[in-house]
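FYI, it's all coordinate maths here, none of it is from the lab. What you are looking at is a predicted structure, and each value in this text was computed from that prediction instead of being measured. Here the Cβ is made from the backbone with ideal geometry for all residues, glycine too, and neighbour counts use every protein chain on show.
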């Protein structure tokens, strides 16, 4: 194949990737709807939809020589054809198999070469799980050739094609960046207009001063007109007077021209500003996406997790048509995954337990999007499960050293529930591949606040839990509050500013060694922005003013007042990333350029609050799960019990590579003997081993008075709910499944428990 042909084929494959994604999404959506047991007419329509999508995907794959995908689609098409003719009603097991097969196609699409151009085998291994009934051979010949019925409304489809074009997202991103850059021109024009306005004001001031000395000028003129003997001095005075009068006329002309220029500039500024705002707004709209673009992903994820946990739930999405910035939707995908996992793993109960409590066997999980006032949106995730047990959350926080026992007793129900957003907080009795590490909801808050949003949780024990996330609609620009500290300018995101006020020195109170202000009747920690940012002090410290401005920042359960030297103004801000090597600077999220050309840092509110808490003496105590130093790691000794030499050496290599001291045992009996003879900090064990399995080993450890507190991690291929529950019953601290084994997950679990 020539280079030109290869380039053309590559272009076709890129187009195919987009088309394949649409077909796979259509099939997934149809399968999810089929599982809801629709009416017969709806079932036929859905089967027809997935059949057409599989047929189209097969043809597209053949056109670009993706034979593996073509063979899979052939198998899917035959299965759907049987459903279509009513030979078989899709069972739950069959739908599971088809979902797995679609995952295989997606995996092939994401592979290094996207797919194999030539089949290395007749049918990929995963395809064999799609059961094609024997009746299929009577329905379809060996070589399938299906004549599809004509479209219902070809005119409408043709119109849709002409009204819609496909544009690369990369091109749209580039256009948006260009539109955002024009905002700098708008700000610069505004600055020029302000400069001209200042010049006009200065000329007006000169005019007033000139008017004030006019009587003296007239007096001098009258004196010059009187006859005198000496004319030498009079000549110079007359010349000076003539110059002053000329200067007056000249400046009046200059004032007139500058005023006209200022008015014209104001008109230009208004026009350019409107054009830039309209262009930027239209560019933003091009990259606004509704939640419906991710609905299939979330629906399938909820379905798969419920199957994995042997739970039942209806997943309801509301407000799918509400649009938001593509970048926000992409950034919030991971937090929403964590929340939905939390709903399924911790929230909703097993069907039998729900019925015992008088609830329907099937739980309901809702994801809703709605528009709020002030260019914001709200994401709401709720379930009708068991709710959050505030007492368990308090106990977990005390156990982790995040709060003292006395502080825990004083927490309200809402404050205790808010602790779930702290890192290392989990009420799960065991760590699994899904939950238990206490990181998921901490990530939710961190990402939400990084986007300029807020997240709160509301829960009633036994009734359910609701997460509310408020976010800006777009990320391109935002309103910022410009402040001054030690002769330097900084920008606060206005969305995080709860209040701007001022205080006098005598209003400051010291509570438990911390400076505080009383705002709305409540004490709020007071810090100085310059000190939090560790700015070098000025050579000549300015005198403390009688009144000093203060900016109150709020985020989740934290509120801190920042004293500044001055609050300049609120303005539109376009944030620029700092780039390498400054991509992550503490307390700074980026920078913006003012209309004057001055570069001003934009403050990271989440970081700033953490820094301020440490400075104000309200930082949380050092926790067991904090960053582990190399010295601490080398002191930890781990015993690995695994009968497979390959798995044993793999675990040993991973742990030793992280700096731990590792000893191995070939089964549970040898491991228990070593535990009685030597000192270890943690045990990692397989379950299925000769002589003494992992469950029995854990039970023996818990029954031994000297070993009862030893952390135990079970790493096994047994993935059923019954096996996980048995792990909990015998006292394991973590249960990791080998099929979803991840090195980073193992090390993170060890870090938390060792």
Between residue 413 and residue 375, the FRET efficiency computed from the C-beta separation at R0 = 30 Å comes out, to the nearest 0.05, as 0.40
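So between residue 263 and residue 204, what do we pick up on full extension, going 0.36 nm a residue minus the alpha carbon distance?
Difference between extended and current length: 19.7 nm.
What shape does region 493-537 take by its C-alpha gyration tensor, where a ≥ b ≥ c are the square roots of the eigenvalues and a/c under 1.5 counts as rounded, a/b above b/c as prolate, and the rest as oblate?
Verdict is oblate for region 493-537.
Provide the packing ranking of 190-200, 603-613, i.e. peptides ordered by the mean count of other C-beta atoms within 10 Å per residue, highest first.
Working: 190-200: 16.4, 603-613: 21.5.
Highest mean packing first, the order is 603-613, 190-200.
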Taking the convex hull of the alpha-carbon atoms of region 289-472 and averaging its shadow over every direction gives an area in square nanometres of 10.6 nm²
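Which order do the peptides 717-726, 462-471 take when ranked by the mean count of other beta-carbon atoms within 10 Å per residue, highest first?
Working: 717-726: 14.7, 462-471: 19.7.
Those peptides, ordered most packed to least, come out 462-471, 717-726.
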Taking Cα pairs closer than 8 Å and at least 6 residues apart, the relative contact order of region 289-472 in percent is 23 percent
With a Förster distance of 30 angstrom and the Cβ-Cβ distance between residue 458 and residue 709, calculated FRET efficiency to the nearest 0.05 equals 0.25
Protection proxy (average C-beta count within 10 Å per residue), highest first, orders 387-393, 679-685 as 679-685, 387-393
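Just need the relative contact order of region 630-753 here, percent rounded to a whole number, with Cα pairs under 8 Å and 6+ apart.
Working: 196 pairs, mean separation 26.8, N = 124.
Over region 630-753, the number comes to 22 percent.
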With 0.36 nm assigned to each residue of separation and the Cα-Cα distance removed, residue 392 to residue 543 gains 49.2 nm
Under the 7 Å Cα-to-Cβ spin-label approximation, residue 274 and residue 216 lie apart by a distance in nanometres of 4.8 nm
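What does the extension gain come out to for residue 247 and residue 488, with contour length at 0.36 nm per residue minus their alpha carbon separation?
Extra length from residue 247 to residue 488 when fully extended: 82.7 nm.
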Nearest-0.05 FRET efficiency for residue 571 and residue 21 at R0 = 41 Å, using Cβ-Cβ distance, is 0.50
Dividing the mean separation of Cα pairs under 8 Å (6+ apart) by the residue count of region 477-615 yields a relative contact order in percent of 30 percent
Gyration tensor on Cα atoms of region 630-753, a ≥ b ≥ c root eigenvalues, a/c under 1.5 rounded, else prolate if a/b beats b/c, else oblate, says rounded
Computed curve, region 477-615, Cα-only Debye sum without solvent term, log₁₀ I(q)/I(0) at 0.09, 0.12, 0.16 Å⁻¹, is -0.26, -0.47, -0.85
A correct Stokes-Einstein calculation for region 39-96, using the alpha-carbon Kirkwood radius, 10 °C and 1.306 mPa s, returns a whole-number D in µm² s⁻¹ of 133 µm²/s
